[in-house]
1. Of the residues ALA38, ALA60, which single one is modelled with pLDDT under 95 and out of contact with any strand residue (DSSP E or B) (no Cβ under 7 Å at 6 or more places or on another chain)?
2. Consider the stretch 82-101. How many of its residues are hydrophobic (A, V, I, L, M, F, W, C) and not in a strand (DSSP E or B)?
3. Does the stretch 60-81 include one or more residues that are surrounded by fewer than 16 Cβ atoms within 10 Å (Cβ to Cβ), in a loop (DSSP other than H, G, I, E, B) and of a type outside the set (Asp, Glu)?
4. Anything in the stretch 65-107 that is without any contact (Cβ under 8 Å) to a residue 40 or more places away in the chain and of a type in the set (Ser, Thr, Tyr)? List them, or say none.
5. Could you look through the stretch 82-112, keep only residues that are closer than 17 Å to ILE164 by Cβ and among the charged types (D, E, K, R), and pick out the one that is surrounded by the most Cβ atoms within 10 Å (Cβ to Cβ)?
6. The conditions are (1) over 26 Å from ALA206 (Cα atoms); (2) at pLDDT 95 or above, and VAL104 fails exactly one of them. Which is it?
7. Quick check, is THR11 within 30 Å of PRO189 (Cβ to Cβ), at pLDDT below 90, in contact with an Asp or Glu (Cβ under 6 Å, 6 or more places away or on another chain) and polar (S, T, N, Q)?
8. List pairs: first in the stretch 12-35 and within 17 Å of PRO119 (Cα to Cα), second of a type in the set (Asp, Glu) and at pLDDT 95 or above, Cβ under 7 Å, 6+ apart or cross-chain?
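The values are calculated or read from the model by the stated rules, or taken from the named source; none is laboratory data. Here the structure is a predicted model, which is why all the values come from computation and not from measurement. Cβ placement follows ideal geometry from the backbone for every residue including glycine, while neighbour counts extend to all protein chains displayed.
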Amino acid sequence: MGAMPHEPNSTAESPRVYRATSAAWLTGFLVVLGVVVAITGWGREPWLTVAGLCSGAALAGLGYSLYWRPRMEIRGHGVRIINPLRTVDIPWAQIIDVRTRFTVTVIAEAGSYSCFALPAAGPGSALRSGTQGVTQAHPLARTDGAVRTGDLAGTRSGAAANDIRTVWQRKIDTGELDVFTLDDTSVEPMNVRYVPGPLAVTLLLAAVGITLFATV
């Protein structure tokens with residue numbers, strides 16, 4: 001499970017990681033299911049054994065690629081968003097806003113970047129959050145007097161958005177970040193990397209397993 005927010009001054013020491021609330025149990029379920037599938041085919045005909053191993057590995061890989069690997073990290077240099085196919089590093093100086101309408105989305109100079117692992121909290125989370133979810137939300141999330149459900153403190157999306165806003169605001173208040181005088185030459189560039197490997201391997205294993213099962 002993703003860590004809940006710590007004090008902002010710990011950002012430079014270690015990244016704070018946010019995953020979906022369901023990431024741990026969904027990943028665990030698929031891993032266990034994969035082990036069961038692999039054991040089911042083990043010791044039978046060679047092709048059936050290989051099919052079971054490939055299918056089991058594909059299920060475990062699916063849990064890792066879609067539920068455990070995707071996350072948001074708040075680091076000393078900025079925010080890192082790790083999605084199933086793409087990783088984006090957004091320096092603090094590039095950040096303009098944080099929104100939680102559908103997912104936690106960081107608005108930067110170059111565009112908007114949503115986090116696959118952090119969908120906005122639903123009505124149930126809003127009810128559990130209570131009045132403290134509103135009063136503890138960052139002031140930037142309460143500019144109009146109301147707080148969006150995804151920004152409520154105590155929810156995973158709200159905690160991540162609040163953490164980004166808190167660190168960003170602190171850097172401005174201390175003078176570490178001057179958003180009014182920065183120019184293109186002084187701003188650290190964004191880093192966008194496409195990482196299709198984990199999901200591609202998972203799909204390949206699934207294709208091999210399904211094909212072998214179909215021919216046995």
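1. When all the criteria are applied, what remains is ALA38.
2. Matching residues across the stretch 82-101 total 3.
3. Scanning the stretch 60-81 turns up at least one residue that is surrounded by fewer than 16 Cβ atoms within 10 Å (Cβ to Cβ), in a loop (DSSP other than H, G, I, E, B) and of a type outside the set (Asp, Glu).
4. THR105
5. ASP89
6. (2)
7. no
8. Hits for this filter: VAL17/GLU73.
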